[in-house]
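Okay, so here's the structure we're looking at.
The values are calculated or read from the model by the stated rules, or taken from the named source; none is laboratory data. Just so it is clear, the model here is predicted, and its values are computed rather than measured. All Cβ positions, glycine included, derive from the backbone under ideal geometry; neighbour counts span all protein chains shown. The protein model used for the area step is the full one, side chains on, heavy atoms only, and it has no ligands, DNA or RNA in it. Shrake-Rupley method; radii C 1.70, N 1.55, O 1.52, S 1.80 Å.
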Amino acid sequence: MKPGATLMKHYLQFKDLRAEEYAYLFERARIIKTRFKNYEKYQPLADRTLAMIFEKASTRTRVSFEAGMYQMGGSVVHLTTGDSQLGRAEPVEDSARVISRMCDLVMIRTYEQAKIAAFAAHSRVPVINGLTNEYHPCQILADILTYIEHRGSIQGKVVAWVGDGNNMANTWLQAAEILGFTVHVSTPGGYEVDPKVAGVSDAGCYRVFEDPMEACRGADLVTTDVWTSMGYEAENEARQKAFADWCVDAEMMAAAKPDALFMHCLPAHRGEEVAAEVIDGPQSVVWDEAENRLHAQKALMEYLLLGRIG
Ligand code: CP
Ligand code: NVA
């Protein structure tokens with residue numbers, strides 16, 4: 001980024017951008033996607049380098065950021081805890097100072113949000129959250145792009161969240177507050193969303209339901225996620241028992257609007273949080289959702305590095 005060209009922005013939580021910036025990004029993602037589908041070369045990030053730091057496993061996030069950066073003319077450096085000094089207790093602040101003097105953009109997937117916040121505070125370049133225990137903003141960016149493609153604006157709509165009060169649930173709540181829709185949340189007892197952790201101040205952006213079927217009633221979109229997120233594997237056995245009734249099946253989809261969509265950030269466990277007939281059924285848009293990680297993040301990287309185009 002040229003000094004003083006644009007105020008540097010990080011993307012650490014969904015609420016780091018405003019509604020009108022999202023409107024710009026969704027339109028920009030549409031344009032970038034259309035060009036890509038038409039095999040039109042578009043390389044505004046030539047000579048730019050993205051550092052990707054993974055402290056947890058990934059398929060979609062790695063492929064979408066890596067392919068996206070190459071397609072836009074740039075390059076990537078891939079680091080993991082195991083093969084860098086991050087795994088040998090080099091302070092995150094020092095890693096940030098060094099990596100951000102050599103690269104133009106950093107994407108991090110890690111555990112506590114506090115770690116990515118500390119990295120960003122010592123980074124000279126924009127930092128993107130590729131998933132933390134608390135949030136997964138790039139996924140919701142792609143999910144809402146997918147909703148818009150299929151159904152138009154999400155404003156005023158109802159999204160049913162069935163399952164864990166996790167990073168995805170928190171990010172849906174932030175998105176609801178910013179973009180003006182409502183989340184119907186149903187989690188087992190003990191796995192509720194915490195509005196403080198979610199970082200929402202408007203209690204009107206979500207409603208809590210004990211019964212997942214009630215959360216789905218009349219919803220425009222039904223979505224779920226794994227019962228056990230990365231980092232919580234030790235709780236797996238207890239979670240399998242607690243979440244047994246939080247499986248999105250055909251009956252729950254039938255309670256939603258007839259044209260309701262089904263989304264899942266993937267990876268999915270058929271027979272646990274979602275029935276095969278739902279994720280592989282006609283209302284599911286999970287493959288579009290996964291593909292849109294690529295297009296949405298290309299728009300995001302372009303925005304963070306170059307600002308608004310045109
Ligand atoms: N949805 C998602 O972030 O997938 P990965 O864990 O494969 O990156
Ligand atoms: N909630 C899941 C999402 C995986 C993309 C996790 O954090 O493991």
Self-check item: Members of segment 248-259 that are open to solvent by less than 70 Å² (accessible area, probe 1.4 Å) and without any contact (Cβ under 8 Å) to a residue 60 or more places away in the chain
Solution: Asp249, Ala250, Met253, Ala255
Quiz item: Just checking, how many residues over segment 156-167 are away from ligand 2 (no atom under 14 Å from the Cβ), in contact with an Asp or Glu (Cβ under 8 Å, 6 or more places away or on another chain) and open to solvent by 10 Å² or more (accessible area, probe 1.4 Å)?
Solution: 2
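Every residue, every condition in (1) surrounded by fewer than 21 Cβ atoms within 10 Å (Cβ to Cβ); (2) touching a Phe, Trp or Tyr at 6+ places or on another chain (Cβ under 8 Å), yes or no:
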position: His264; (1), (2): no, no
position: Gly271; (1), (2): yes, no
position: Val274; (1), (2): no, yes
position: Val278; (1), (2): no, yes
position: Gly281; (1), (2): yes, yes
position: Glu289; (1), (2): no, no
position: Asn292; (1), (2): no, no
position: Leu300; (1), (2): no, yes
position: Gly307; (1), (2): yes, no
Practice problem: Tell me which residues, restricted to segment 121-144, are open to solvent by 10 Å² or more (accessible area, probe 1.4 Å), hydrophobic (A, V, I, L, M, F, W, C) and within 11 Å of ligand 2 (Cβ to nearest atom). | Solution: Leu131
Practice problem: Please enumerate the residues belonging to segment 168-195 that are open to solvent by less than 10 Å² (accessible area, probe 1.4 Å) and in contact (Cβ under 8 Å) with a residue 60 or more places away in the chain. | Solution: Met168, Thr171, Gln174, Ala175, Ser186
Quiz item: Residue check, Gly204 against (1) open to solvent by 60 Å² or more (accessible area, probe 1.4 Å); (2) at pLDDT below 95, all met but one. Which one?
Solution: (1)
Quiz item: For Leu50, all conditions in the list (1) open to solvent by less than 70 Å² (accessible area, probe 1.4 Å); (2) away from ligand 1 (no atom under 16 Å from the Cβ) hold save one; what is the number of the exception?
Solution: (2)
Quiz item: Looking at segment 225-310, what helices (runs of 4 or more DSSP H) fall wholly within it and have at least 1 residues that are of a type in the set (Asp, Glu), under 26 Å from Tyr191 (Cα atoms) and under 17 Å from the mean Cα position of the chain (by Cα)?
Solution: 286-306
Quiz prompt | Qualifying residue in segment 60-72 (condition: open to solvent by 60 Å² or more (accessible area, probe 1.4 Å), more than 16 Å from ligand 2 (Cβ to nearest atom) and among the hydroxyl-bearing types (Ser, Thr, Tyr)) | solution = yes
Exercise. Run Arg28 past the list (1) open to solvent by 50 Å² or more (accessible area, probe 1.4 Å); (2) modelled with pLDDT of 95 or more; (3) away from ligand 1 (no atom under 16 Å from the Cβ) and report the number of the one that doesn't hold.
Key: (1)
Practice problem: Consider Asp245 carefully, then state whether it is in contact with a Pro (Cβ under 8 Å, 6 or more places away or on another chain), touching a residue at least 40 places away in the same chain (Cβ under 8 Å) and more than 16 Å from Asn166 (Cα to Cα). | Solution: yes
Quiz item: For segment 248-255, does any single residue satisfy the condition of being within 30 Å of Phe54 (Cβ to Cβ), in contact with a strand residue (DSSP E or B) (Cβ under 9 Å, 6 or more places away or on another chain) and either within 14 Å of ligand 1 (Cβ to nearest atom) or modelled with pLDDT under 95 (or both)?
Solution: no
